[in-house]
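Each remark here refers to the structure printed beneath this line.
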Ligand SMILES: [Zn+2]
């Protein structure tokens, strides 16, 4: 089953080979093909300490590597084809800590470079917003509101996966367009900061939100022997029962930092079909599995991008 993965840490993967060109093709395309990941995100990741210049360099490197790898990028609705078979990237931003002034101009630059989804924060607290490790009483800043309005104007989708709760609610309030949590699960199934509460999911689903199921082991289950594709599929079941299957998608957070370990059968793109199998075992029918695998994202992006 074809898959659209909303979040992969590919800037980190590319930067592991600073002297090479076409890193994605060389090290990753075979894994994507084996796992039937046709559409994947290429996230430029910033942990909270990077400057605007660092952001420019990383985003440029990601764009260049996709081009050197001979792959397509999603830049407009016309690039979203349900019958696509070639590996296709959507560029995304994870954290905008390098923006300290002129947010509109800088977001315009990120958009012009091809980024179509972005989060204002990683776990850090920056000039725009507050991530999970920041002050719980601090949310979106005034500059952050400007950034959201600019993203709305460009139809660049806002990602809330690393937002603290206050920022989540502030963004939900501010954004004129639905928002995505590209890589988060259900807090009711696994209590970690980055997973979403039922209350958050109901509110965000009411506004048309989408959530990508995150394969990060500690976000799947508190018990180590239950951190696998099958238990990740249980998050999808839970969220579909809570707010509807049309809000569920994939956002595995593959890239360069998952380590192979016992029972962990969803740590690399070539294992993606283990999750698809888990969805069938959770009782989703063929059409619903197809929706979660890629159609929900394609529909969402066609409508809002
Ligand atoms: Zn992340």
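Give me the three principal axis extents of the chain from the C-alpha atoms, as integers in angstrom, largest value leading.
49, 44, 36
When 150, 207 are ordered from fewest to most other Cβ atoms inside 10 Å of their Cβ, what list results?
Fewest-to-most ranking of 150, 207: 207, 150.
Return 109, 204, 169 ranked ascending by Cβ neighbour count within 10 Å, so the fewest neighbours appear first.
Least crowded to most crowded, the residues run 109, 169, 204.
What residue among 286, 19, 94 has the largest mean-square fluctuation in a Gaussian network model of the chain, using Cα springs under 10 Å?
19
Over the chain, with a Gaussian network built from C-alpha contacts below 10 Å, which listed residue (223, 105, 34) shows the highest mean-square fluctuation?
Residue with maximal mean-square fluctuation among 223, 105, 34: 223.
Just to confirm my numbers, what's the Cα centroid distance between the range 19-56 and the range 130-150 in Å?
Rounded to whole Å, the Cα centres lie 26 Å apart.
Give the peptides 67-74, 125-132 in descending order of average Cβ contacts within 10 Å, highest first.
Descending packing order for the listed peptides: 125-132, 67-74.
Which residue, 29, 231, 17, tops the fluctuation ranking in a GNM of the chain built on C-alpha contacts under 10 Å?
17
Rounded to the nearest 5, what % of the DSSP beta bridges within the range 3-304 are antiparallel ones?
Taking every DSSP beta bridge within the range 3-304, about 5 percent pair in antiparallel fashion.
Do the sum for the chain: with -39,500 (n - 2.57) for every DSSP H run of n ≥ 4, divided by all residues, what is the mean residue ellipticity at 222 nm, to the nearest 500 deg cm²/dmol?
Result for the chain, helices only: -11000 deg cm²/dmol.
Of 97, 216, 250, how do they rank once you tally other Cβ atoms within 10 Å and put the fewest first?
With the sparsest Cβ surroundings first, the list reads 216, 97, 250.
Readers should treat all values here as calculations from the given coordinates under stated rules, not as data from a laboratory. Please read all numbers here as calculations on a predicted model, not as lab measurements. Ideal geometry is used to build each Cβ from the backbone, glycine not excepted, and the neighbour counts take in all protein chains shown.
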